[in-house]
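Data block below; observations after.
The values are calculated or read from the model by the stated rules, or taken from the named source; none is laboratory data. All values reported here derive from a predicted model rather than from experimental measurement. Note that each Cβ is placed from the backbone with ideal geometry, even for glycine, and that neighbours are counted across all protein chains shown. The protein model used for the area step is the full one, side chains on, heavy atoms only, and it has no ligands, DNA or RNA in it. Shrake-Rupley method; radii C 1.70, N 1.55, O 1.52, S 1.80 Å.
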Amino acid sequence: MKRIGLLTSGGDCQALNATMRGVVKGLCNELDQVEIYGFEDGYKGLIYGEHRMLTSRDFSGILTVGGTILGTSRQPFKQMRVPDENGLDKVEAMKHTYYKLRLDCLVVLGGNGTQKTANLLSEEGLNVVSLPKTIDNDIWGTDMTFGFQSAVDIATNVIDCIHTTAASHNRVFIVEVMGHKVGWLTLHAGIAAGADIILLPEIPYDIDKVTEAIERRKKNGKGFTILAVAEGAISKEDAQLSKKELKKKMEKNPYPSVSYELAERIKEKTGQEVRITIPGHTQRGGSPCPYDRVLSTRLGAKAAELIINKEYGYMVTVKNDKMDKIPLKEIAGKLKMVSPDADIIKEAKMIGISFGN
Ligand code: F6P
């Protein structure tokens, strides 16, 4: 008999349900009795004891369903040690819920912030197993996060659609792609959709190089240019500022996002019309793609194995197509970024994609 607490935390993505299904099916298949306590809206449910009992039936038919049947919310790690408005100690409250329900293990699905809190709870003595969720693919220690590939598919489709209209009108188009502080999503969608210029946070851009690439295309008879721009992309000037200086500059920044500033600068320098498309949260929506369904099922099965073997304090990972585990303390607070020297960047440059540097 195992009593499992389950929660999904942070921004949602397409394969959360598929992953929970994998965990629960794995446990129910191997164990005689499993009690599942689903916490509502992420750590919030654990803090305030908002939960409902679930059975394996609740996890049937959800492989293809996006979002999360448990709900989710952002509970910033930084705020975890700060009492709530009623003076409640959140960490103690989470421990209280865990012990009150006599849980054997807490299973947490989430991104970087979520993993930090999972590590904190593990250090506080709770049995925790976590799984790497995010469309950003920026979790340290795993080759891939679930949700990423589904988001790549959506962003790629957006750029594909923009391609035809950009070509008809001879326009410069910017498609702004999510990804928070890293460029994985933009890089993959940009290459998959044949973007001409890809701007990533990891490779600060030089506006002159960006416009040179646009002009070069014009000279070669291509009147349109597609830029895949990460929401975290940054100019080389801004990248040189200290955190404090950048924050000050951003406070006065009139642009809603990086694409608007970039569009204005391109127009000034080339005189070309620039349009912006921001797919935004559509990138986290809809059904998980087949790749994610498989990955989630495998990660979920691995998490079930860890729970059955009482191996706690780990995040489940995928490395070279093998499901594995890594201690939470080794990944908490680390970010997996695109290396500017990576082969994928060299290969993209080789075929003429500009990174604006
Ligand atoms: O981490 C996933 C993500 O979609 C990022 O790519 C993006 O920056 C952020 O979440 C958006 O957060 P929210 O849903 O809170 O607006």
Checklist entry - Which trypsin sites (Lys or Arg not before Pro) in the range 56-86 pass both tests, a DSSP loop state and at most 12 other beta-carbon atoms within 10 Å? => result 81
Item to check | Separation in nanometres of the label points that stand 7 Å from Cα toward Cβ, at residue 261 and residue 218 | outcome: 2.4
Next on the checklist: Using protein chains only and a probe of 1.4 angstrom, how many square angstrom of residue 6 are accessible, to the nearest 10?
Outcome noted: 0
Item to check | Cα centroid of the range 1-36 to Cα centroid of the range 215-259, whole Å | outcome: 41
Item to check | Within the chain, percent of DSSP bridges classed antiparallel, to nearest 5 | outcome: 25
Item to check | Structure-based [θ]222 nm, the chain - -39500 (n - 2.57) summed over DSSP H runs of at least 4, per residue, nearest 500 | outcome: -12000 deg cm²/dmol
Checklist entry - Of all DSSP beta bridges in the range 151-284, what percent run antiparallel (nearest 5)? => result 5
Checklist outcome for this item: Restricting to aspartates and glutamates and to Cα separations under 12 Å from residue 310, and discarding same-chain partners fewer than 8 apart, the set is 104
Checklist entry - Where a Cα-Cα gap under 18 Å defines reach, which lysines qualify for residue 236, not counting those fewer than 8 residues away within the same chain? => result 181, 209, 244, 247, 248, 249, 269
Next on the checklist: Please compute, over every Cα-Cα pair in the range 287-357, the percentage with a separation greater than 14 angstrom.
Outcome noted: 72
Checklist entry - Say R0 is 22 Å: what FRET efficiency, to the nearest 0.05, do residue 337 and residue 308 get from their beta-carbon distance? => result 0.05
Next on the checklist: List residues of the range 272-304, by number, whose backbone nitrogen lies under 20 Å from a label position 7 Å along Cα→C-beta of residue 330.
Outcome noted: 299-304
Next on the checklist: With a 10 Å cut-off between alpha carbons and a GNM built on the chain, which of 195, 342, 230 moves the most?
Outcome noted: 342
Item to check | Distance between modelled label sites at residue 346 and residue 250, nm, 7 Å Cα→Cβ extension | outcome: 3.3
Item to check | residue 160/residue 56 FRET efficiency (R0 51 Å; Cβ-Cβ; nearest 0.05) | outcome: 0.85
Checklist outcome for this item: Here FRET efficiency (C-beta to C-beta, residue 181 to residue 268, R₀ 35 Å, nearest 0.05) is 0.80
Next on the checklist: Straight-line reach only, C-alpha to C-alpha below 16 angstrom: list the aspartates and glutamates that residue 349 could link to, leaving out same-chain residues fewer than 8 apart.
Outcome noted: 196, 202, 206, 212, 341
Checklist entry - Hey, any idea what % of the chain's accessible area is carbon plus sulfur with a 1.4 Å probe? => result 49
Checklist entry - Ignoring ligands, DNA and RNA, what accessible area per residue does the range 263-357 give at 1.4 Å, in Å²? => result 53
Checklist outcome for this item: Taking 29-35, 208-214, 270-276 and ranking on average Cβ neighbours within 10 Å, highest first, one gets 208-214, 270-276, 29-35
